[in-house]
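Structure first, then comments.
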Amino acid sequence: MKVIHLNHSDINGGAARAAYRIHHALRQSGVDSRMWVNSATSGEWTVQGPEGKAEKLLKKFRPTIGGLPCRLLQTGNPIIHSPALLPSDWVKKLNASDADIVHMHWVAGEMLSIKDIAAIKKPIVWTLHDMWAFCGAEHVTSDMRWQEGYSANNRPYHESGFDLNRWTWERKRKHWQKPLQIVTPSRWLAQCVKESKLMEGWPVTVIPNALDVEKWKPVEKEQARQLLHLPKEVPLLLFGAMGGGEPAHKGFDLLLEALTKLSVAIPEIELIVFGQLPPENPPVLGAPIHYTGHLHDDVSLQLLYSAADVMVIPSRQDNLPNTGKEALSSGTPVVAFDTCGLPDIVDHETTGYLAKAFEPDDLAKGIMWLLEDRERLEELGRNARRKAEAKFAYPVVAGMYSEVYERVASNVGL
């Protein structure tokens, strides 16, 4: 089986890291897997990026050029919007390749146009890393137009100007006449696909994103803290996201509210934030905050997870965050809200604690529940590690994808 993965980047960003790991899980299982990207930084021979200065320059400016229609939209949703407008040369290369399967991932950033996707003649498997595929131009949204269909009558109050999302959704509906095999990392995102107006009735399979659990192993806590110059004897909480506390859907404000209460009950508690440098005006909580900035290597991240007592994921909306999987594999329990894809990470009171959605008081309660009993905390850490081995290990995920590939390849032409 020959598979070509298509993703905007190979290792930069959460979706890229997820796609890259799936690619390697498949290679380890014997699948002839390759990865084609617009931005290649890993330097690995199985990854093909733009060749030559001219092509690299063109790929670099495609998101800016293709994103020009976004300027006509005024919206209260600050998260990236992708019109997917510009035709690319990837379709011609894919159709001329020897691939048995084209495995699409995050193909935004004007990597493929909406029309391009319909022009791929190879069997397609599409792993969704956000909501864009069945929405308009939005990648994340709390609006429900994706369920109802985008019309002039259901535009949200926070939007004005050109209805970019409706225009983008209509183009998807026009070009995507043939259902594709969809894969989602979480049960929540699979349910969204089934409930969407655009992809209702399309085949969808839930396969968690892969993690090399043989590399992502727990490090002795005292050693990890010593190497990272973190305090040895205090309870340490960990929070991480691209952009740190900036994206509203990551819920950092809810964590801060919970921490305000926790710092009274546990005065020695401290927080580590990765993905962000110290802001100009850091929040005052009564608890120290350590900002690590962006960590670009797995070893540093592994040490950070192992150094923490509890990983907190206070997201308002999330799929199957890499931070959750990596924490579990490092033997660190997770506290999160009971929403979206987070129940696929946390087994309540077994690998962590699922708090009532968006209630900081219950989030604080869950953190307290873990920290107040050291033996229980260690047992949940062992459970976390076992779950990572059972659900996210490379052989497990590769086997599930191989079954999907065989099914999709055998249905071609039927």
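Within the span defined as region 343-361, one or more residues are assigned to a helix (DSSP H, G or I), assigned by TED's automatic domain parsing to the domain that holds residue 305 and under 26 Å from residue 215 (Cα atoms). Filtered by the rule that a residue be in contact (Cβ under 8 Å) with a residue 60 or more places away in the chain and in contact with a helix residue (DSSP H, G or I) (Cβ under 8 Å, 6 or more places away or on another chain), region 10-20 gives 14, 17, 18.
Results for (1) surrounded by 18 or more Cβ atoms within 10 Å (Cβ to Cβ); (2) free of Cβ contacts under 8 Å to residues at least 40 places away in the same chain; (3) more than 22 Å from the chain's Cα centre (by Cα), shown as yes or no for each residue.
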{"site": "85", "(1), (2), (3)": "yes, yes, yes"}
{"site": "105", "(1), (2), (3)": "yes, no, no"}
{"site": "112", "(1), (2), (3)": "yes, no, no"}
{"site": "116", "(1), (2), (3)": "yes, yes, yes"}
{"site": "126", "(1), (2), (3)": "yes, no, no"}
{"site": "130", "(1), (2), (3)": "yes, no, no"}
{"site": "160", "(1), (2), (3)": "no, no, yes"}
{"site": "180", "(1), (2), (3)": "yes, no, no"}
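Looking at residue 258, is it assigned to a helix (DSSP H, G or I), in contact (Cβ under 8 Å) with a residue 12 or more places away in the chain and not assigned by TED's automatic domain parsing to the domain that holds residue 76?
Criteria met by residue 258.
Summed over region 295-321, the residues that are within 15 Å of the chain's Cα centre (by Cα) and surrounded by 23 or more Cβ atoms within 10 Å (Cβ to Cβ) give a count of 7. When residue 242 is tested against the conditions (1) surrounded by 19 or more Cβ atoms within 10 Å (Cβ to Cβ); (2) touching a Gly at 6+ places or on another chain (Cβ under 6 Å), the lone failure is (1). Do we find that residue 379 is of a type outside the set (Gly, Ala, Ser), surrounded by fewer than 20 Cβ atoms within 10 Å (Cβ to Cβ) and closer than 22 Å to residue 216 by Cα in this structure? Criteria met by residue 379. Would you confirm whether or not region 154-167 contains a residue that is assigned by TED's automatic domain parsing to the domain that holds residue 191, assigned to a strand (DSSP E or B) and among the hydroxyl-bearing types (Ser, Thr, Tyr)? Looking through region 154-167, at least one residue is assigned by TED's automatic domain parsing to the domain that holds residue 191, assigned to a strand (DSSP E or B) and among the hydroxyl-bearing types (Ser, Thr, Tyr). Looking across region 270-294, just one residue is outside any strand (DSSP E or B), crowded, with 20+ Cβ neighbours inside 10 Å and within 28 Å of the chain's Cα centre (by Cα), and that is 275.
Residue-level check: of (1) buried (at least 19 other Cβ atoms within 10 Å of the Cβ); (2) under 16 Å from residue 303 (Cα atoms), residue 228 misses just (1).
Of the residues making up region 383-414, those that are closer than 15 Å to residue 124 by Cβ and either in contact with a His (Cβ under 7 Å, 6 or more places away or on another chain) or part of a helix (DSSP H, G or I) (or both) are 401, 404, 405, 406, 407, 408, 409, 410.
Look at region 262-282: where a residue is among the aromatic types (Phe, Trp, Tyr) and a partner is modelled with pLDDT of 90 or more and surrounded by 20 or more Cβ atoms within 10 Å (Cβ to Cβ), sitting 6+ places away or on another chain with Cβ atoms under 9 Å, you get 274/238; 274/239; 274/240; 274/292; 274/301; 274/304; 274/323.
Kindly evaluate residue 97 against the criterion of being among the hydroxyl-bearing types (Ser, Thr, Tyr) and either farther than 24 Å from residue 20 by Cα or surrounded by 16 or more Cβ atoms within 10 Å (Cβ to Cβ) (or both).
In short, no.
Among the criteria (1) in contact (Cβ under 8 Å) with a residue 24 or more places away in the chain; (2) surrounded by 17 or more Cβ atoms within 10 Å (Cβ to Cβ), the one residue 190 does not fulfil is (1). Applying the criterion of at least 1 residues that are at pLDDT below 95 to the helices (runs of 4 or more DSSP H) found wholly in region 49-143 leaves 52-66. Among residues of region 3-46 being among the hydroxyl-bearing types (Ser, Thr, Tyr) and outside any loop (DSSP other than H, G, I, E, B), the one that is surrounded by the fewest Cβ atoms within 10 Å (Cβ to Cβ) is 39. Can you confirm whether residue 140 is aliphatic (A, V, I, L, M), out of contact with any strand residue (DSSP E or B) (no Cβ under 9 Å at 6 or more places or on another chain) and farther than 24 Å from residue 194 by Cβ? When the stated conditions are applied, residue 140 does not pass them.
The values are calculated or read from the model by the stated rules, or taken from the named source; none is laboratory data. Here the structure is a predicted model, which is why all the values come from computation and not from measurement. So basically every Cβ, Gly included, is an ideal-geometry build from the backbone, and we count neighbours across all protein chains shown.
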